[in-house]
Amino acid sequence: MTARSNPRLPILAGILLVALLAAGAAITIVSRDAARPEATPAPDTARSGGLKAGAFDPPQQAPDFSLRGSDGSEVTLARYRGKVVLLTFGFTYCAAVCPTTLATLAQARSKLGKAADSVQVIFVTVDPARDDAVHMREYLKAFDPGIVGATGTPDALAAVRAKYGVTAIKRGTGPDYAMDHTSSIFLIDRDGKLRAMMPFGHDPADFVHDIQSLLV
């Protein structure tokens, strides 16, 4: 019998390689109750094509998905073709890491001026039990009304995480449970190619630098 290849394996292998280059370890897992981790050193910019984030070499087509958007419409990567997409995973009840990430991305968009119209931030929840579309919209507009949240069924969200090698683990019971999850941000170019992965802890200037490089 002929073995069938898994089309996700090159992408997952690439994600692992970038994580190792950028962080010198596996993808950072963070808890909503954990202290803010130290900023991960940026990779060699010459090796990563001039980007501050760890670059995928070669770039690969970013796996698409279909989720419910906080803006009331379907969220897919194809919808934002022609824009640079910053894809991040988290949840609205996160105490520190997610708000820091969203504030950083909002500041980066603000610093881009008119170029911000060519950048889309997508925040995919890892906590569908509490993060419905309406709740996400109210939460995200406090950071930047342009950020789009994405939610769906547990199975649909798990499938998206699997495509990107993202982990999410529930910690605790009761209404105040936490979620440990991957904290890196994926950078996708105008053509829908997965170009880089920025570890948690970088400042807005690093995102501005890389976004401008991808907009050229």
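The values are calculated or read from the model by the stated rules, or taken from the named source; none is laboratory data. Keep in mind the model is a prediction, meaning the values are calculated, not measured. Cβ atoms come from the backbone with ideal geometry, glycine included; neighbour counts cover every protein chain shown. Each accessible area value is taken on the protein alone, full model and side chains, heavy atoms only, with ligands, DNA and RNA left out. Shrake-Rupley method; radii C 1.70, N 1.55, O 1.52, S 1.80 Å.
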Need pairs with beta-carbon distance below 9 Å; first residue within 18 Å of MET136 (Cα to Cα) and touching a residue at least 60 places away in the same chain (Cβ under 8 Å) and within region 98-120, second open to solvent by less than 40 Å² (accessible area, probe 1.4 Å) and among the hydroxyl-bearing types (Ser, Thr, Tyr); sequence gap 6+ or separate chains. CYS98/THR88; CYS98/THR92; CYS98/SER183; THR101/THR88; THR101/SER183; LEU105/THR88
I'm checking my understanding of the structure. Among residues of region 92-105 that are farther than 19 Å from ALA133 by Cα and among the hydroxyl-bearing types (Ser, Thr, Tyr), which one is most open to solvent (accessible area, probe 1.4 Å)? THR100
What number of residues within region 165-178 are open to solvent by less than 20 Å² (accessible area, probe 1.4 Å) and in contact with a His (Cβ under 8 Å, 6 or more places away or on another chain)? 1
Hand me the list of strands (runs of 3 or more DSSP E) wholly inside region 68-166 holding 3 or more residues that are in contact with an Asp or Glu (Cβ under 9 Å, 6 or more places away or on another chain) and at pLDDT 95 or above. 84-90, 148-151
Return a yes/no flag: does region 69-91 have any residue that is out of contact with any Gly (no Cβ under 9 Å at 6 or more places or on another chain), open to solvent by 20 Å² or more (accessible area, probe 1.4 Å), of a type in the set (Phe, Trp, Tyr) and touching a residue at least 60 places away in the same chain (Cβ under 8 Å). no
Test THR101 against the criterion of being within 12 Å of the chain's Cα centre (by Cα) and under 19 Å from ILE188 (Cβ atoms), and give yes or no. yes
Any residue in region 115-125 that is farther than 14 Å from PHE186 by Cβ, in contact with a strand residue (DSSP E or B) (Cβ under 6 Å, 6 or more places away or on another chain) and not hydroxyl-bearing (Ser, Thr, Tyr)? no
Which one is nearest to ARG79 (Cα to Cα), of the residues in region 189-203 that are in a loop (DSSP other than H, G, I, E, B) and small (Gly, Ala, Ser)? GLY192
Subset tally (residues that are closer than 12 Å to VAL85 by Cβ and open to solvent by less than 10 Å² (accessible area, probe 1.4 Å)) for region 179-197: 7
The condition from (1) open to solvent by less than 40 Å² (accessible area, probe 1.4 Å); (2) farther than 27 Å from PHE56 by Cβ; (3) small (Gly, Ala, Ser) that GLY113 misses is numbered (1)
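Take the conditions farther than 27 Å from THR153 by Cα, open to solvent by 10 Å² or more (accessible area, probe 1.4 Å) and among the hydroxyl-bearing types (Ser, Thr, Tyr) and apply them to SER118. Does it pass?
On the way: farther than 27 Å from THR153 by Cα: yes; open to solvent by 10 Å² or more (accessible area, probe 1.4 Å): yes; among the hydroxyl-bearing types (Ser, Thr, Tyr): yes.
Answer is yes for this residue.
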